[in-house]
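Asks: This is the structure, below, for whatever I ask next.
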Amino acid sequence: LIKNIIRNICVWPKRGVVPIVQEVFDKQKEELEGRPAGILFINVKQAKNLPRVGAFSQKGDPMIMVNVAGSLKEKTTVKNNSIHPVWGEVLAVCVYSPLVVQFVDFEVHHGKESSSSMMCKMSYPLKLMEPFEVDSQWHHLHDMNSESAALTEAGTLQLDMMYKPFVQPKEEEKEEEEADDIVVLPTASGGEQDIANQGEVTFSKMVSGRSGALFVELNYATNLVEMDSMSSSDPTVYLSVGPKTFQSKTYEDELNPQFNEKFEFVGINPDIHPYLKVQVFDVDTLRSQRPMGEITIPMSSIVQSGQMEETWSLEKVKTGKVNMTLRWMECQVKPRAAQLSSGPSLMRAKQISSNAVSV
């Protein structure tokens, strides 16, 4: 355990910021902590020969957790009772500059997130990613529970990845370039491979089409409607864009909660998912959640503004307002089509990745 802790802390460069003068830090926070650089699209295809778990060496219930800079960004579903799981699931995570000191960690956990235990792990250095180039590889996983000082292999993980940088402010005035043709990945068929192929189709559409990230700062709410008999409420907020939903913390007996929470909707297409929906509910342990109003904000207005901070009045209730800061960042468009099936130079495909660095 101690070896693993030291290894996680010391092996890779870590970027940390300690504020000395708070006013200066607040003004330069983004530059110091890292500016959003782009989106990493990940097709988690499958894994082979994962470790067995428990005293009787039974098959585990694996799930992949994706961490950037030590923070959990995305996760797959759990595949029950398998050492050769097939996911075919596409994830999108925001990465920050400078990329040269960042790694994406892929952790294989056994069980549900709330009670999971890490089985094995691999780390991929972002500096190896070239914009718009799909990296399709098998990666070595290593056992993080081994008592040995040497890294112990613990199966392999197959991934497709593409990095799409955000449009920088100076580029926003340029005339929009034509979008790429659909990226075509080589596929196989039959059995469980059909599940992986579905992920390849989704991945191809996401990396080829329009995409970006919506950053939401849920600041505060005021004058919320009273739902409890004690002239108060226990509000929580749900934020949704398309199928992705986040929930804020719940504040007990508070009509004017200070949330100060941040959320990232990454890899979304505002043409396909045209609204940000905000719903406020009263949480009661004895009853189901009761609605306290909602807001629907067109993505087109957010995209056009780029960044806005406003106070919106809640609909379907007599009183209540929510203050948020919204920021949209669009991914760049590759200037010419990338047909991956036309030649190996456009896709770095290897049996086992020699670039992936495992810890």
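Asks: Quick test for you: out of Val134, Val44, Val108, Val95, pick the one residue that is in contact with a Cys (Cβ under 7 Å, 6 or more places away or on another chain) and either within 24 Å of Thr202 (Cα to Cα) or hydroxyl-bearing (Ser, Thr, Tyr) (or both).
Replies: Val108
Asks: Related question: Could you check how many residues of region 56-72 are of a type in the set (A, V, I, L, M, F, W, C) and out of contact with any Lys or Arg (no Cβ under 8 Å at 6 or more places or on another chain)? Outline the logic, then answer.
Replies: Let us first name the residues in region 56-72 that are of a type in the set (A, V, I, L, M, F, W, C), namely 56, 63-66, 68-69, 72.
Filter once more, keeping what is out of contact with any Lys or Arg (no Cβ under 8 Å at 6 or more places or on another chain): 56, 68, 72.
Adding up the residues that qualify gives 3.
Residues checked against (1) aromatic (Phe, Trp, Tyr); (2) farther than 30 Å from Leu141 by Cα; (3) modelled with pLDDT under 95:
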{"residue": "Ser305", "(1), (2), (3)": "no, yes, no"}
{"residue": "Thr311", "(1), (2), (3)": "no, yes, no"}
{"residue": "Glu315", "(1), (2), (3)": "no, yes, no"}
{"residue": "Arg327", "(1), (2), (3)": "no, yes, no"}
{"residue": "Val333", "(1), (2), (3)": "no, yes, yes"}
{"residue": "Ser341", "(1), (2), (3)": "no, no, yes"}
{"residue": "Val359", "(1), (2), (3)": "no, no, yes"}
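Asks: Is there any pair linking a residue in region 273-289 that is over 14 Å from Tyr238 (Cα atoms) to one that is small (Gly, Ala, Ser) and crowded, with 16+ Cβ neighbours inside 10 Å, with Cβ under 7 Å and at least six apart or on different chains, and which?
Replies: Within 7 Å, the pairs are His273/Gly242.
Asks: Looking at the structure I just gave you, is Asp284 loosely packed, with under 14 Cβ neighbours inside 10 Å and either over 30 Å from Ala92 (Cβ atoms) or of a type in the set (A, V, I, L, M, F, W, C) (or both)? It would help to see each step written out before you state the result.
Replies: On the way: loosely packed, with under 14 Cβ neighbours inside 10 Å: yes; either over 30 Å from Ala92 (Cβ atoms) or of a type in the set (A, V, I, L, M, F, W, C) (or both): yes.
For Asp284, the condition - loosely packed, with under 14 Cβ neighbours inside 10 Å and either over 30 Å from Ala92 (Cβ atoms) or of a type in the set (A, V, I, L, M, F, W, C) (or both) - is met.
Asks: For region 45-72, name all the residues that are open to solvent by less than 70 Å² (accessible area, probe 1.4 Å) and of a type in the set (D, E, K, R).
Replies: Passing the criteria: Lys45, Asp61.
Asks: Follow-up question, since we're still on this one. How many residues are of a type in the set (A, V, I, L, M), surrounded by fewer than 20 Cβ atoms within 10 Å (Cβ to Cβ) and not in a strand (DSSP E or B) if we restrict to region 78-128?
Replies: Qualifying residue count for the region: 6.
The values are calculated or read from the model by the stated rules, or taken from the named source; none is laboratory data. Keep in mind it's a predicted model, so treat the numbers as computed, not measured. All Cβ positions, glycine included, derive from the backbone under ideal geometry; neighbour counts span all protein chains shown. Heavy atoms of the whole protein, side chains included, go into the accessibility calculation; ligands, DNA and RNA do not. Shrake-Rupley method; radii C 1.70, N 1.55, O 1.52, S 1.80 Å.
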